Structures are given as C-alpha cells and as structure tokens.
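Before any comments, here is the structure.
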Amino acid sequence: MRWHGVIHRYRDYLPVTEKTPVITLQEGNTPLIRADRLGEALDSRVELFLKFEGANPTGSFKDRGMTVAISKAVEEKMTAVVCASTGNTSASASAYAARAGCRAYVVVPKGNVAMGKLSQALMHGARLIQLQGNFDEAFEIVKSVAEKFPIALVNSINPFRIEGQKTAAFEVCEQLERSPDRVFIPVGNAGNISAYWKGFREYREAGRIQNLPRMIGWQAEGAAPLVRGEVVKHPETVASAIRIGNPANWSMARAAIEESHGEIGLVSDAEILDAYRQVAQLEGVFCEPASAAAVAGLVKQCREGKIPRGAQVVCILTGHGLKDSEVALTLAPPLQPVEANIEAVVEAMGLN
Ligand code: F0G
C-alpha cells in the first residue's frame, strides 16, 4: 500500500479537517530496526530496537511535526513561517515551507549548526539568519517576531508540532504490536519526549495498547538543564542539536517523565561519541550525535544494572548521521592516499 504521510495515516488522531490542505513529503513510516548486536554488547541483555527517524524526508523526526504545523499555517492563510533552530527544525521548516509556497525565516546560532542542516535550509530557499548568540537567545527573539508580525512560529511550542510528532509513538506500537517497556530519547527543547508520551497515552485510551512505557530522557552533560533543575546559561556539547540551556517544553517533559515513572539523565560527550560509533559499527545505522545520546544513556543504565533482563527497549534515533558528517570525520584517523597500484593498496588493506 502506498504511504501518504502521517496526516493521511493518523488523521483521526490529529487536529485536521477536510478543509486542511495537506502539505506532506510522505514523512513517517520509518524503520524500527532490531539491534541484536548492540543489545548483546550491553551489560544487561535487553531486546533492543532503534526507531530510525533519520529516514524521514529531511533526515529527522521534525518532519512529522512540520507536516501538521505547516498544513495548519496554510489553512490559517499564513504565508510565512519562522523558527529558531539548532539545525533540524530549520531544515524541515524550510522544506515544508518550500512545498507550501511559503516563505521560511530560520534563525540559527552561529558556528554550532551542522553543515548538512545549513545546506538544507539554504537549498530550500529559506532566509537564513545566523545569530551571534545561542539557541535559547534565538528562540526568545523568534517568539517576539511571531507576536509582532503575521508569521507562524513553527518551533515545538506550536502545539501542532507536538501533535504530528506523537505519530512516532503510534508507529512504534504498531511495529512492535505492543507498547515497549522503555523508550530512550534525547532531550533538547523537550518537545519530542512530550510528544511521544502524548502518543502512547492516546493509543492506550483508544485501546490500541495495554501498557505504557517508561520515558527515559537524555541530555548532554554540558547542556542538561532538566537534569540539574536549572537553566544552563552557556550550554556546550558536541551534540549540537541538543545544545539547549532553557528548554521551551520544560514542564510538559517533566510531566511525561513523572507520569511514566521514567527519568532524565545525562551523558558526557565522550559517552555520546562512543555510542555514536557503536550504533554505526554494530548495527549499520548512522545517526547524528544528539541521537546517540539516547543510546549512551542505555549503555550507562545497563552498566548500572538498572534495566531488567529481557526488557523491550526502543531508542529513538532522531536524526541522520549524514547531516553532521564533520563529527564522524573528526573521529577517524586522517586519510592517507596511496599509490595507484595493487601492492600499495594491499599494503594499505593490511593484508601483508
Ligand atoms: N535529536 C535531534 C537530532 C534534534 O535535532 C533535536 C532537536 C533533538 C534530538 C531534541 O528534541 O528538542 O524535541 O527535545 N532539535 C531542535 C532543532 C532543537 O532546532 O532542530 P527536542
């Protein structure tokens, strides 16, 4: 059956009517990949799955929320959208706005956005504004812009974003044919963890699943306001997508964690990079560093003996590794070209 995107598939659960124009790139329906090799490498045996959201059309989970946010903006006769972003939201907003024939304004922190994401916004014709400031400052500014001008704000405080993103929880339940025991997920502006929790709750209310998972959120050590319980003024992490010190959806995320009997933890950049490499090398899945924070969290909890044997765990891999290939290349040894003959190549292969 042909896939037509998340609005088409989950219309009954979304705030759309026949009057809503559907702006879609056929997002969603992403793979839930069994990860036995990674599962076996962990200290406690878990049944592990990776929800690979990098397989969305612009390479991140943001597309699920953006199809709803942009469709509703067009329904409301808006002709321009704005967002602050660490990169993925700007890529997604730019793509969906292009498709809708709307103008996109995207404000990103200077110097801390992966090249792939910047190139996406530029290729889709967005007006890209690099801010001499961080994401939190950019976010405050775009909120004021959206109050003063007839421009739709498409950050995750826009409730339509959360509505669209909750469809990933529906898919996980359908793919597993039940709800997982635990969901490990990276947390930045804290919209996605809130969206998943909403999705699981709604699926249980609809009788589609019996149980609810624990939501286990992960922040980077240098950008962990939810873990520390206070705003981080100068967030720092290699995982630039989650380099956020004052998350917009703070209270919703806290509620998701408390209601699900979950928790929120932090992982170091070194742990993130280890997990990033492990997922790529043990499972053939290339995610971006922010996504690997969830896997790093799982590694940590398994080491601490916190996960019961046989638990069914889903890690949400929120974005594609190709977006941020600079980080991957910094981990590899420098490339040394060899002469164009078989002897040199065999030697470089380490076969003699
Ligand atoms: N993973 C990736 C790859 C992201 O891009 C983000 C957020 C997150 C995780 C965290 O999700 O914010 O809902 O808690 N990126 C936003 C952006 C902030 O601007 O692209 P969250």
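Over all alpha-carbon pairs in region 94-189, figure out the percentage whose distance exceeds 22 Å. The answer is 43 percent, as a whole percent. If the Kirkwood radius is taken over C-alpha pairs of region 136-269, then at 25 °C and 0.890 mPa s the Stokes-Einstein diffusion coefficient equals 158 µm²/s. Note on region 96-140 and region 1-44: Cα centroid distance 24 Å, given to the nearest whole angstrom. Percent relative contact order of the chain, based on C-alpha pairs within less than 8 angstrom and at least six residues apart? Taking the mean separation of contacting Cα pairs over the length of the chain, I get 19 percent.
Pairs exceeding 32 Å between alpha-carbon atoms, taken from Lys51/Lys77; Lys62/Lys300; Lys143/Lys306: Lys51/Lys77; Lys143/Lys306. For region 205-352, the calculated P(r), taken from all Cα-Cα distances in 10 Å bins from zero up to the bin holding the longest distance, is 10, 32, 30, 15, 7, 5, 1 percent. Here the convex hull built on the C-alpha positions of the chain has a volume of 156 cubic angstrom per residue. Put simply, when 264-275, 310-321 are sorted by average Cβ atoms within 10 angstrom per residue, most first, you get 310-321, 264-275.
Mean-square fluctuations from a GNM of the chain, with a 10 angstrom spring cutoff on Cα atoms, peak among Ala84, Ala294, Ala328 at Ala328. Counting only Cα atoms, the size of region 278-330 along its three principal axes is 36, 18, 17 Å, in decreasing order. Qualifying trypsin sites (Lys or Arg not before Pro) in region 287-352, where qualification requires a DSSP coil assignment and no more than 10 other C-beta atoms within 10 Å, comprise Arg309. Determine the percent antiparallel among the DSSP beta bridges restricted to the chain, to the nearest 5. Within the chain, antiparallel bridges account for around 15 percent of the total. For region 185-228, how big is the tail of P(r) above 12 Å, as a whole percent of Cα pairs? Summing the P(r) of region 185-228 above 12 Å gives 61 percent of all pairs.
Taking the square roots of 5 times each eigenvalue of the Cα gyration tensor of region 34-162, largest first, gives ellipsoid semi-axes of 30, 17, 14 Å.
A simple packing score, the average count of other Cβ atoms within 10 Å per residue, orders the peptides 235-242, 276-283, 89-96, 181-188 as 89-96, 181-188, 235-242, 276-283, with the highest score first.
Values in this text are rule-based calculations from the coordinates and carry no lab data. Computed from a prediction, not measured in an experiment: that's the story for all the values here. Note that each Cβ is placed from the backbone with ideal geometry, even for glycine, and that neighbours are counted across all protein chains shown.
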